[in-house]
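*Asks:* One structure is given below, represented as structure tokens, and several questions about it will come after.
Every number in this text was worked out from the coordinates using simple rules, so none of it is lab data. For clarity, every value in this text was computed on a predicted model and none was experimentally measured. Cβ placement follows ideal geometry from the backbone for every residue including glycine, while neighbour counts extend to all protein chains displayed.
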Amino acid sequence: MTILNGCEFPDGLLYYVERTQMTWVRLDGEEARVGLTDPAQTRAGKILHLRIKAAGTARERGRPVATVESGKWAGPVMAPLTGVVVEPNPEVEKDPGLLNTDPYGAGWIVRLKISKPEELRDLLEGPAATARFREILEKDNIRCMRCKE
Amino acid sequence: MSTDLGTPAPADPTGKKILMIMTTGPEDPDKTYAPFYTAALMAAMEIDTTMYFLMHAPELLRKGAAEAVPLKKGGNLKMFVDMALENGVKLMACAESCRDLCEIAETDLIDGVRLVGSATLADLALEADSVISF
């Protein structure tokens, strides 16, 4: 686990960092589980609504797989990899606050079946991810917080 | 008989266009936030979203103006204007309103705004699947 400005970045994950997007990817064979990183949930604030694309929806990398609303922020969660939605997380759809309280666990958003594995090399991990996040956190003055409920 | 009308099922936004017409300017800050927020959300849903600013609304698009519009919950309007632009909302300002009411030159507008004539409003309204007015 790497911690920067109070933001947690678990080991073993890949990270998609593009413009306003900061998502994580956990690989499991041909599937990728996707969620918001700690700084992404902090920047959004307490998330009130979440819509996830239905199972079977094909997405190119960089197109939305979900939309998030917090009252102070509204935006897309982009697909970090091209693929097809296998399963939207039904628990986080019912309780979007999980995105804030457990972003790397119960707050996962979607499982994708990857169709372009060559895109994996564009995701960040290890020291490269740490360096990129350090740069963003300092530039945008982000210090992570977790909602209690 | 139940009176609960429930929540409408999610609509398919694919290929849809929404036009938002904005007539309120900085004179009423409470009416400025929701349109930008809603437009940003719609664009995030992949709806082709355009905001058209006329009457005193183009004042919000003057460089430095959004920073001076306070919001009740703190902060100012700029973060919502930026959010709309980041999400791909198209911002269009009425040339006649800019010239005759607001006295704004094209160079006074923030980056990302297009100055267009009134006829464009007709085009946008006829092409849109829905028109929302604020």
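*Asks:* May I ask you to list the trypsin sites (Lys or Arg not before Pro) in segment B:48-114 that are in a DSSP loop and have at most 14 other Cβ atoms within 10 Å of their Cβ? Numbers along the way, then the final one.
*Replies:* On the way: sites: B:ARG62, B:LYS63, B:LYS72, B:LYS73, B:LYS78, B:LYS90, B:ARG99, B:ARG114; in loops: B:LYS63, B:LYS72, B:LYS73.
Answer by residue number: B:LYS63, B:LYS72, B:LYS73.
*Asks:* Here's something else I'd like to know. With N residues in the protein assembly as shown, what two-decimal value do you get for its Cα radius of gyration over 2.2 N^0.38 Å? Present the calculation step by step, with values, prior to reporting the outcome.
*Replies:* Numbers: Rg = 20.3 Å, N = 283, 2.2 N^0.38 = 18.8 Å.
Scaled against compact globular proteins, the figure is 1.08.
*Asks:* Please turn the phi angles of segment A:25-42 into ³J(HN,Hα) values with the Karplus equation 6.51 cos²θ - 1.76 cosθ + 1.60 (θ = phi - 60°), one per residue in order, whole Hz, x for glycine and proline.
*Replies:* Result, ordered by residue: 9, 10, 7, 9, x, 8, 10, 10, 8, 10, x, 7, 6, 4, x, 5, 5, 5 Hz.
*Asks:* State, as an integer percentage, the relative contact order of chain A based on alpha-carbon contacts under 8 Å between residues 6 or more apart. Walk me through the numbers before you get to the answer.
*Replies:* Values: 315 pairs, mean separation 40.9, N = 149.
RCO, chain A: 27 percent.
*Asks:* Segment A:103-149: which trypsin sites (Lys or Arg not before Pro) are DSSP loop and have at most 16 other beta-carbon atoms within 10 angstrom? Numbers along the way, then the final one.
*Replies:* Values: sites: A:ARG111, A:LYS113, A:ARG121, A:ARG132, A:ARG134, A:LYS139, A:ARG143, A:ARG146, A:LYS148; in loops: A:ARG143, A:ARG146, A:LYS148.
Those satisfying the criteria are A:ARG143, A:ARG146, A:LYS148.
*Asks:* Suppose a student asked you for the relative contact order of segment B:17-133, using Cα pairs under 8 Å spaced at least 6 residues apart; what percent would you report?
*Replies:* So the answer I get is 34 percent.
*Asks:* Related question: Pull out a ≥ b ≥ c, the square roots of the eigenvalues of the alpha-carbon gyration tensor of segment B:17-133, then state rounded if a/c is under 1.5, prolate if not and a/b is larger than b/c, and oblate in the remaining case. It would help to have the intermediate numbers written out before the result.
*Replies:* Values: a/c = 1.65, a/b = 1.07, b/c = 1.54.
Since a/c reaches 1.5 but b/c is at least a/b, the shape of segment B:17-133 is classed as oblate.
*Asks:* Right, here's the next one. Might you report the magnitude of the Cβ-based charge dipole of chain A about its Cα centre, with Lys and Arg at +1 and Asp and Glu at -1, to the nearest 20 debye?
*Replies:* On the way: 22 positive and 22 negative charges, 85 e Å.
So the dipole magnitude of chain A works out to roughly 400 debye.
*Asks:* Let me ask you something else. Please arrange A:TYR104, B:TYR52 by how many other C-beta atoms lie within 10 Å of their C-beta, fewest to most. Could you put the intermediate results ahead of the total?
*Replies:* Numbers: A:TYR104 19, B:TYR52 25.
So the ranking, lowest neighbour count to highest, is A:TYR104, B:TYR52.
*Asks:* So which lysines can B:LYS31 reach, going by Cα to Cα under 16 Å and dropping same-chain residues fewer than 8 places off?
*Replies:* B:LYS31 reaches A:LYS72, B:LYS72, B:LYS73, B:LYS78.
*Asks:* Of B:ILE47, A:ILE136, how do they rank once you tally other Cβ atoms within 10 Å and put the fewest first? Could you put the intermediate results ahead of the total?
*Replies:* Details: B:ILE47 20, A:ILE136 17.
Ordered from fewest to most neighbouring Cβ atoms within 10 Å, B:ILE47, A:ILE136 come out as A:ILE136, B:ILE47.
*Asks:* Which lysines, on any chain, are close to A:LYS113 with Cα under 25 Å apart, when same-chain ones fewer than 8 places away are left out?
*Replies:* Qualifying lysines at Cα under 25 Å: A:LYS53, A:LYS94.
*Asks:* Under unit Cβ charges (Lys, Arg +1; Asp, Glu -1), what dipole magnitude, rounded to 20 debye, does the protein assembly as shown have relative to its Cα centre?
*Replies:* On the way: 33 positive and 42 negative charges, 87 e Å.
The dipole of the protein assembly as shown has a size of about 420 debye.
*Asks:* Near A:GLU125, within a Cβ-to-Cβ distance under 12 Å, what is the net charge of the other residues, with Lys and Arg +1 and Asp and Glu -1? Each step should come with its number before you reach the end.
*Replies:* Values: positive: A:ARG26, A:ARG121, A:ARG132; negative: A:ASP11, A:ASP122.
Result for the neighbourhood of A:GLU125: +1.
*Asks:* Of B:VAL89, B:VAL81, B:VAL113, which is the most mobile in a GNM of chain B whose springs link Cα atoms less than 10 angstrom apart?
*Replies:* B:VAL113
*Asks:* Along the charge dipole of chain B, Cβ charges K/R +1 and D/E -1, which of B:HIS56, B:LEU77, B:GLY25 sits furthest on the positive end?
*Replies:* Positive-most Cα among the choices belongs to B:LEU77.
*Asks:* Using the 10 angstrom Cβ neighbour count as an exposure proxy, how do B:SER133, A:SER115 rank, fewest first? It would help to have the intermediate numbers written out before the result.
*Replies:* On the way: B:SER133 10, A:SER115 15.
Exposure proxy ranking, most exposed first: B:SER133, A:SER115.
*Asks:* Work out the P(r) tail for segment A:2-140: percent of alpha carbon pairs separated by more than 21 Å, whole number. If you can, show how the numbers build up before the last one.
*Replies:* On the way: 3394 of 9591 pairs.
In whole percent, the long-distance tail amounts to 35.
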